[in-house]
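Q: Pasting in a structure now, in structure tokens, and then I'll have a few things to ask.
The values are calculated or read from the model by the stated rules, or taken from the named source; none is laboratory data. Everything quoted here is computed from the prediction, not taken from an experiment. FYI the Cβ positions are ideal-geometry reconstructions off the backbone, even for glycines, and counts take in every protein chain you see.
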Amino acid sequence: MKNNINCIDLFCGAGGLSHGFEQAGYNVVAGIDSNKDAIKTFQLNHKDSKAILFDLSNKFDFNHPDLKAIKDTKVDIIIGGPPCQGFSIAGKRLEDDPRNILYKSYMKFIDHYNPKVVLLENVPTIMSLFKGAISQRIISSFEKKGYSSNVRTLDSSLFGVPQKRRRTFFIFTKKDEYTWPDPTTEEKPLTTKDAISDLPKLNNSLGKDFSPYKSKPKNPYQELMRKDSDGIYNHISVNHTEKTKNIISLVPDGGNYKSLPKSLQTTRKVNIAWTRMNSKKPCFTIDAGHNHHFHYKENRVPTVRECARIQSFNDSFIFCGNKGSQYRQVGNAVPPILGKVLAESIKGIINDTI
Ligand SMILES: C[S@@+](CC[C@H](N)C(=O)[O-])C[C@H]1O[C@@H](n2cnc3c(N)ncnc32)[C@H](O)[C@@H]1O
């Protein structure tokens with residue numbers, strides 16, 4: 001059920017975080033991103049929101065034609081964070097360093113909307129970047145504006161997502177105490193197999209990107225993922241060479257290049273080479289896509305849909321753009337289920353101050 005809390009998602013990508021907030025009942029007014037495919041995906045899957053294609057490294061004010069429509073909207077919470085590369089520490093404050101353009105843009109939104117809560121997500125390395133100076137400056141720039149800060153690195157696998165994915169969340173609140181959500185699946189995290197074992201076999205010869213479900217869901221997670229969907233999109237395999245298929249066939253479930261005969265171990269010179277998912281554990285972090293991480297059983301990399309399942313996107317959430325772009329959008333996202341857990345944990349604070 002919708003609540004009356006308005007939210008804007010900055011650097012929204014495909015909208016993993018927004019999807020979670022929407023599932024928690026928030027009204028996602030708008031998502032802003034400079035990537036065309038991501039914005040197309042965002043619009044397709046957030047039909048009631050404004051998907052705004054906008055480069056936040058540009059100079060702007062809120063009379064800009066792309067922003068005018070949301071200029072006077074009441075915004076209770078701003079979610080999303082500037083990419084980590086957007087931070088440096090040359091000036092005394094983050095806002096003083098001309099290279100921190102994205103952070104400056106971000107703060108412009110905070111000043112304009114004066115939201116009750118801000119949720120900023122980033123990779124955990126943000127905490128050690130410039131020996132912790134960046135995270136300290138983020139915190140002090142919000143505290144100067146009257147916010148209390150809460151920072152924690154969370155592992156998605158403890159919150160109902162079948163994936164070990166650690167991300168750092170800054171939650172800034174006006175006056176109220178915030179309580180972090182308790183882990184929900186600490187005892188028995190979901191596994192890769194729990195997430196994807198019901199997906200139909202690939203039939204790329206059909207030449208179309210839709211497969212109806214061919215079996216019943218095998219567990220509550222698969223049931224949840226199938227909600228509002230008759231089948232799946234974005235489930236097309238990468239074409240591997242025979243040599244690649246032969247080499248990966250020698251790696252067992254959960255193994256990597258170390259399981260290969262010595263002569264083949266150095267065929268790819270990266271430490272993640274020839275890694276297979278482990279069917280019995282939460283998946284490793286889904287990233288923006290490459291050819292080193294393979295399915296636990298099939299001799300191929302996972303499809304975009306398999307990655308999306310592991311990221312906890314419902315099957316009804318469809319990704320636009322070419323395959324490389326789809327993998328990037330999925331890998332960049334905050335898992336919607338974790339987004340929803342965080343959204344639920346914040347609701348009380350916002351409701352109290354509305
Ligand atoms: C980590 S992703 C965000 C993922 C998103 N929170 C989700 O859950 O799906 C970061 C996003 O920042 C966007 N971005 C990078 N530079 C940008 C800029 N100058 N202006 C607007 N968006 C930008 C990228 O296109 C990318 O989609």
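Q: Considering only residues of the range 1-18 that are among the hydrophobic types (A, V, I, L, M, F, W, C) and closer than 13 Å to P336 by Cα, which is surrounded by the fewest Cβ atoms within 10 Å (Cβ to Cβ)?
A: For the range 1-18, the residue satisfying everything is C12.
Q: Which of the residues that make up the range 59-77 are within 12 Å of the ligand (Cβ to nearest atom) and closer than 13 Å to I32 by Cα?
A: D66
Q: How about the range 100-135: which of its residues are charged (D, E, K, R) and in contact with a helix residue (DSSP H, G or I) (Cβ under 8 Å, 6 or more places away or on another chain)?
A: Once the filter is applied, which keeps residues that are charged (D, E, K, R) and in contact with a helix residue (DSSP H, G or I) (Cβ under 8 Å, 6 or more places away or on another chain), the range 100-135 yields K104, K116, E121.
Q: With the range 257-354 as the region, which helices (runs of 4 or more DSSP H) entirely inside it contain at least 3 residues that are away from the ligand (no atom under 16 Å from the Cβ)?
A: Helices (runs of 4 or more DSSP H) meeting the threshold: 262-265, 336-353.
Q: Quick test for you: out of L202, L154, L158, pick the one residue that is modelled with pLDDT under 95 and among the hydrophobic types (A, V, I, L, M, F, W, C).
A: Testing whether each residue is modelled with pLDDT under 95 and among the hydrophobic types (A, V, I, L, M, F, W, C) leaves just L202.
Q: Continuing with this model, one more query. Which of the residues spanning the range 46-58 are charged (D, E, K, R) and near the ligand (Cβ under 9 Å from one of its atoms)?
A: Correct list: D55 only.
Q: Would you mention how many residues in the range 90-123 are assigned to a helix (DSSP H, G or I) and either away from the ligand (no atom under 12 Å from the Cβ) or among the polar types (S, T, N, Q) (or both)?
A: 10
Q: All but one of (1) more than 16 Å from the ligand (Cβ to nearest atom); (2) buried (at least 20 other Cβ atoms within 10 Å of the Cβ); (3) of a type in the set (G, A, S) hold for S148, so report the exception by its number.
A: Failed condition: (2).
Q: Looking at D55, D72, D48, D76 in this structure, which one is acidic (D, E), in contact (Cβ under 8 Å) with a residue 12 or more places away in the chain, over 25 Å from F169 (Cα atoms) and assigned by TED's automatic domain parsing to the domain that holds K174?
A: So the residue among D55, D72, D48, D76 that is acidic (D, E), in contact (Cβ under 8 Å) with a residue 12 or more places away in the chain, over 25 Å from F169 (Cα atoms) and assigned by TED's automatic domain parsing to the domain that holds K174 is D48.
Q: Pick from F60, F21: which is surrounded by 23 or more Cβ atoms within 10 Å (Cβ to Cβ) and in contact with a helix residue (DSSP H, G or I) (Cβ under 8 Å, 6 or more places away or on another chain)?
A: None of the others qualify; the one that does is F21.
Q: Go through the range 192-256 and tell me which helices (runs of 4 or more DSSP H), entirely inside it, have 1 or more residues that are over 24 Å from S156 (Cα atoms).
A: 242-248
Q: Within the range 69-88, can you find the residues that are assigned to a loop (DSSP other than H, G, I, E, B), out of contact with any Lys or Arg (no Cβ under 7 Å at 6 or more places or on another chain) and crowded, with 18+ Cβ neighbours inside 10 Å?
A: V75, G80, G81, P82, F87
Q: Taking into account only those residues within the range 269-310 that are among the hydrophobic types (A, V, I, L, M, F, W, C) and farther than 23 Å from Y233 by Cβ, which is surrounded by the most Cβ atoms within 10 Å (Cβ to Cβ)?
A: Per the stated criteria, the residue is W274.
Rundown of residues vs (1) over 17 Å from the mean Cα position of the chain (by Cα); (2) hydroxyl-bearing (S, T, Y); (3) closer than 18 Å to L120 by Cβ, yes/no style:
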position: G16; (1), (2), (3): no, no, yes
position: G25; (1), (2), (3): yes, no, no
position: V28; (1), (2), (3): no, no, yes
position: G31; (1), (2), (3): no, no, yes
position: A38; (1), (2), (3): no, no, no
position: D48; (1), (2), (3): yes, no, no
position: K59; (1), (2), (3): yes, no, no
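Q: Look at the range 305-316 and say how many of its residues are within 14 Å of the chain's Cα centre (by Cα) and either of a type in the set (G, A, S) or at pLDDT below 95 (or both).
A: Qualifying residue count, the range 305-316: 2.
Q: Which one of N100, N122, N114 is crowded, with 16+ Cβ neighbours inside 10 Å and more than 18 Å from the chain's Cα centre (by Cα)?
A: None of the others qualify; the one that does is N100.
Q: Scan the range 105-120 residue by residue and report those that are closer than 13 Å to I139 by Cα and in contact with a strand residue (DSSP E or B) (Cβ under 9 Å, 6 or more places away or on another chain).
A: V118, L119, L120
Q: It is to be established whether one or more residues within the range 345-352 are buried (at least 24 other Cβ atoms within 10 Å of the Cβ) and out of contact with any Leu (no Cβ under 8 Å at 6 or more places or on another chain).
A: no
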